[in-house]
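Step one of this worksheet: look at the structure below.
Quick note: the coordinates plus some simple rules give every number you see, no bench work behind them. If you're wondering where the values come from, they're calculated on a predicted model, not measured in any experiment. FYI the Cβ positions are ideal-geometry reconstructions off the backbone, even for glycines, and counts take in every protein chain you see.
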């Protein structure tokens, strides 16, 4: 828990990219709690680490034990030294570990090979694994996503990188009609263990076309899973889990979060694809968020704490399906929900989540769910305008105050 | 000088390695090249630029482009060294020679690409054909396969008209493409069909009962009743489930070829599509990718003249599909799609090239879609009925092949009628059986969306079952709840 909050401070100062000393980048040692093959550590949303080959929710979470505040170092991750790295390096580390572990894992995308990827996530991999396993593709998103699907159906585990998530709009046909469907329509005969990932979200003046939030368009497609990472810790964990999953998974990264620094454990771990992350337990209001907005929320949380509020912040992480268990428990505790997201107002993740909460936890709500989203406009280029299309901490504070009246 | 020699031999070895099955181009031995201080690599490059059949890619070399002075080497130079055209310069992508003459490449060739055919309309082998020998056993198997396909088409089409199945799509007129291509492949080759290739699955051993089960969508269907009829798929036959979307399977095949290449398997990927499918973006990108990635994939285009109601003249203005291969750097051939022997030979040769040289091959099979596009179409609305009749009777690929095997004494009209009637009987029986089998249970609606059914789907299933239980009269009785 403590480790997660280290990254918060860096969030708002995302301009300078620190140069990375490659010697600092080490492969983690494979110490795991047991020597059994296939066993690894899974981090539950309350920060406890358990062993398990699958993060099934068979055991009940003891919610009272969760009430450790940010200051305590109860999380066992803090006791191990770990190593510090940036989010894109964490993604790369996860990718590299999986490529070492399973020779079927391969990467394809534009400029992922010797160029190392436009956000450096695949840097060095082509040198290590060769041009065939880290494949540079011509510019045809629908087709290389199709290629990935074909490769997955024949036994490989490809990771398709969209240089920017917005480009994957061109791959929508393959993702919706084939990736999500073929396992079902073939009667389970062909599986598609593909990972589709890339940076999305509103960046710093990237222009409207490069500031898309594709999670809203993809969320209806049956057959796919969607997760969004927000810290180096969960980036690596989700990347590994996505690669190991037998289902097609879309991993949403955010352009502005690649340079977040955090200390992550040396030993191997994965994060569950279907679980939300408890960022800050609280009593007064549940704030649900994901990706970059998590940092705006945490910044607002500081202000709120000073004003005497005790917000519970949950990073939902799993966009499809929603972790209604964790969310539900929180709603039952606080009775007030605020959703903060970067999607547009219409048809975004927040809209679906609002509906899901209203349907399932209506009786527990003391006030209507408030959803803060971006406006229904293409992202303007001018910096000041762009800043005001996304939700700012001040708006979050105002919304909480209104909710808690 | 020593440095020059090293680089030169690298170029020559590189050029040599690109030759493959295409035959030999007389390469100068290194000694002749280094006859003089000034040397240029113009000679070997010149001949490759001039030789239209050479499939060589010329990487940028580090040589200067000085005029070649040796008399011996001069003999090998073509008119490239005429007054105007002797300047060669490097651009990204390789050396290219200049010309001061402004010449546009014509949009259509003087002569259309020739079509490979070995059996004439009377089923006689054309003199001078190069063709792979097909023995009696294989020929009869191919022929009976075509009959089975025809029987399937007739009976399932009728079943749809009788309302027993909801949809069907025939392969009439394209039986030779279906069976002969399948015969030239092995079971290890991954097949990515469009939808007009059930013959390939038939060849690989899919039974009439299995076909019928899929068309009726009963619980024995491998697709568990989730897809329309004719959307067959079988992993044990290496035949990837048909997806209705046009041309999306083409990049899938390239991905599969990439996978086979990584596994170093002696197999290739094969994909089929029609003339209409070549207009889709996926076709172009897939061919491009396959060439760049040197993937062992065979692209088979069934150019049957029609994309539902769109004739090829409205689909593209190029000389058919075969010329597009060269545009992407893919070796290609045009074949008579109604000549089973020609197809068999071409596919077998293509497969060998694809696997041993790691290259994609494009095969355009010219044919005619005798049937309607599907049971939802009446093609007499957009094309003359006598045109259809002519192709059906005078240019039938099955008849043509039968004439050939009969002329070899391998088949007779008695064998014909007995085989056809036994096929018809078997298929009628299979249809009757399939019709009676239960439909898949409601639970199958929610499985296989993911590997394990998630909680929201369990919930939705529960809701549905409850509704069915409460209002049984509103739900079909033959679907088990």
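I need the semi-axes of the equivalent ellipsoid of the stretch B:388-458: take the C-alpha gyration tensor, multiply each eigenvalue by 5, square-root it, list largest first in whole angstrom. All intermediate terms of the calculation are to be shown ahead of the outcome.
Details: eigenvalues 430, 63, 31 Å².
Result for the stretch B:388-458: semi-axes of 46, 18, 12 Å.
Indicate the gyration tensor shape class of the stretch B:131-203 (rounded, prolate or oblate), computed on the Cα atoms with a ≥ b ≥ c the square roots of the eigenvalues: a/c under 1.5 is rounded; otherwise a/b larger than b/c is prolate and the rest oblate.
prolate
Testing the spin-label approximation: label points 7 Å from Cα along Cα→Cβ at residue B:186 and residue A:332. State their distance in nm.
Each label point is offset 7 Å from its Cα along the Cβ direction, giving 6.0 nm.
Sketch the reach of a paramagnetic label on residue B:358 as a point 7 Å from Cα along Cα-to-Cβ, and name the residues of the stretch B:178-198 whose backbone nitrogen lies under 16 Å away.
No residues fall inside that zone.
Taking the Cα centre of each part, how many Å lie between the stretch B:394-420 and the stretch A:245-263?
Their Cα centres are 62 Å away from one another.
Report the full-extension gain for the segment residue B:138 to residue B:410: residue separation times 0.36 nm, less the Cα-Cα distance, to one decimal in nm.
96.8 nm
Relative contact order (percent) for the stretch B:168-327, with alpha-carbon contacts under 8 angstrom and 6 or more residues of separation?
It rounds to 21 percent for the stretch B:168-327.
For the stretch A:144-232, how big is the tail of P(r) above 20 Å, as a whole percent of Cα pairs?
Within the stretch A:144-232, distances greater than 20 Å cover 35 percent of Cα pairs.
Assuming 1.306 mPa s and 10 °C, estimate D for the stretch B:210-302 with Stokes-Einstein, Rh taken as the Kirkwood radius over Cα pairs, in µm²/s.
The diffusion coefficient I find is 111 µm²/s.
Under the rule a/c < 1.5 gives rounded, and otherwise a/b versus b/c splits prolate from oblate, where does the stretch A:278-403 land using the Cα gyration tensor?
Oblate.
Round to the nearest 0.05 the FRET efficiency obtained for residue A:358 and residue B:380 when R0 = 60 Å and r is the Cβ-Cβ distance.
My answer for the efficiency is 0.60.
As an exercise, use a Förster radius of 45 Å and the Cβ-Cβ distance of residue A:384 and residue A:115 to find the FRET efficiency, rounded to the nearest 0.05.
About 0.85, to the nearest 0.05.
Percent relative contact order of the stretch A:210-350, based on C-alpha pairs within less than 8 angstrom and at least six residues apart? Write out the running numbers ahead of the final one.
Details: 244 pairs, mean separation 42.6, N = 141.
Relative contact order here is 30 percent.
Could you grab the Rg to Rh ratio for the stretch B:285-382? Cα atoms only, Kirkwood for Rh. Kindly include the intermediate steps, with their values, before the conclusion.
Working: Rg = 15.0 Å, Rh = 14.5 Å.
Answer for the stretch B:285-382: 1.03.
So between residue B:166 and residue B:481, what do we pick up on full extension, going 0.36 nm a residue minus the alpha carbon distance?
Gain on stretching residue B:166 to residue B:481: 111.2 nm.
Taking the simple approach of a point 7 Å from Cα along Cα-to-Cβ for both residue B:442 and residue A:100, what is their distance in nm?
Calculated label separation equals 5.1 nm.
For residue A:376, project a label point 7 Å along Cα to C-beta. Then give me every residue of the stretch A:337-361 with its amide nitrogen under 20 Å of that point.
Once the point is set 7 Å along Cα→Cβ of residue A:376, A:339-356 turn out to lie under 20 Å by backbone N, inside the stretch A:337-361.
Restricting to the stretch A:278-403, compute how many DSSP beta bridges are antiparallel as a %, nearest 5.
Counting DSSP beta bridges with both partners in the stretch A:278-403, the antiparallel share is about 15 percent.
Residue B:264 to residue A:303: FRET efficiency via 1/(1 + (r/R0)^6), r the Cβ-Cβ distance, R0 56 Å, to the nearest 0.05? All intermediate terms of the calculation are to be shown ahead of the outcome.
Numbers: r = 60 Å, r/R0 = 1.07.
Step by step, r from the Cβ atoms, then E = 0.40.
According to a simple spin-label model (label point 7 Å from Cα along Cα-to-Cβ), what is the distance in nm between residue B:90 and residue B:420?
According to this spin-label approximation, the distance is 6.8 nm.
May I ask you to compute the full-extension gain from residue B:106 to residue B:387, defined as 0.36 nm times their residue separation minus their alpha-carbon distance, rounded to one decimal in nm?
Roughly 98.0 nm would be gained on extension.
Could you work out the relative contact order of the stretch A:116-251, using alpha carbon pairs under 8 angstrom and six or more residues apart, expressed as a whole percent?
On the way: 189 pairs, mean separation 31.9, N = 136.
About 23 percent, as a whole number.
Averaged across the residues of A:176-183, what count of C-beta atoms belonging to other chains lies within 10 Å of each residue's C-beta?
4
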